[in-house]
Amino acid sequence: MSQLDKDAPHLADILRRATLEKNNQDKRLADIFGTHTVPKVTEETLAIYLDYLKQHLEVPCQLTGIESLGCFAWEASYIFGRRRPKEYAQRKKKEPSYTDIYTFLSFEKEYDPYAGLAVTVKRVSDSKRFVLPFAHLKATAKPSKNDQLLDDYVVWFVNGRR
């Protein structure tokens, strides 16, 4: 028995579960490409992943932002810095927010290994449409098949570009 198992069995259990989930995710990702290992992000692998998502994403699908980074980075200064609620509210009317709820409409035809896949979405509150990076979004329904699909894509895309 390892020292970690003796001193902190709950930590050893957390580590085992995390390792198992990573292995399961790697298997799901490799299966998408029909390979034994998870391939890097390239134009070719993005095309394969896009076809897979088109076949497996369940619509209607509601999405929201993962965090106030990336395409939602404009919000960071309002959240962590200058707190100007009126100005923030005005900008949120024009720009997509990571706190908004969106309805998935379609995948964009153009993509590249740096930016990844993009999607057209419609903001639920006002029906305004945006094109957003798929890797900056998550499913609102949890747990769900779409939640797993988006999480797997984000992990693959972020880690596979390095």
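The values are calculated or read from the model by the stated rules, or taken from the named source; none is laboratory data. A quick note: this is a predicted structure, and the numbers were derived from the prediction, not measured. Every residue, glycine among them, receives a Cβ derived from its backbone with ideal geometry; neighbour counts consider all protein chains shown. Remember, those area values only see protein heavy atoms, side chains included, never the ligands or the DNA or RNA. Shrake-Rupley method; radii C 1.70, N 1.55, O 1.52, S 1.80 Å.
Numbers at a glance
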read-out: Residue pairs meeting the criteria (Cβ under 7 Å; at least 6 apart or on separate chains; first outside any loop (DSSP other than H, G, I, E, B), in segment 35-49; second open to solvent by 50 Å² or more (accessible area, probe 1.4 Å) and of a type outside the set (Val, Ile, Thr)); value: Glu43/Asp112; Leu46/Tyr111
read-out: Members of segment 113-146 found to be assigned to a strand (DSSP E or B) and open to solvent by 60 Å² or more (accessible area, probe 1.4 Å), listed by number; value: Lys122, Arg129, Val131, Lys138
read-out: Filter result for Leu50 (more than 17 Å from Thr99 (Cα to Cα), open to solvent by less than 30 Å² (accessible area, probe 1.4 Å) and modelled with pLDDT of 95 or more); value: yes
read-out: Tabulated pairs, segment 78-98, first more than 24 Å from Arg129 (Cβ to Cβ) and free of Cβ contacts under 8 Å to residues at least 24 places away in the same chain, second assigned to a helix (DSSP H, G or I) and open to solvent by less than 100 Å² (accessible area, probe 1.4 Å), C-beta under 7 angstrom, 6+ apart or interchain; value: Arg84/Tyr78
read-out: Long-range neighbours under 8 Å by Cβ, at least six apart or interchain, first residue closer than 18 Å to Val155 by Cβ within segment 10-22, second surrounded by 10 or more Cβ atoms within 10 Å (Cβ to Cβ) and not hydrophobic (A, V, I, L, M, F, W, C); value: none
read-out: Residues of segment 50-73 satisfying the condition of being touching a Ser or Thr at 6+ places or on another chain (Cβ under 8 Å) and part of a helix (DSSP H, G or I); value: Phe72
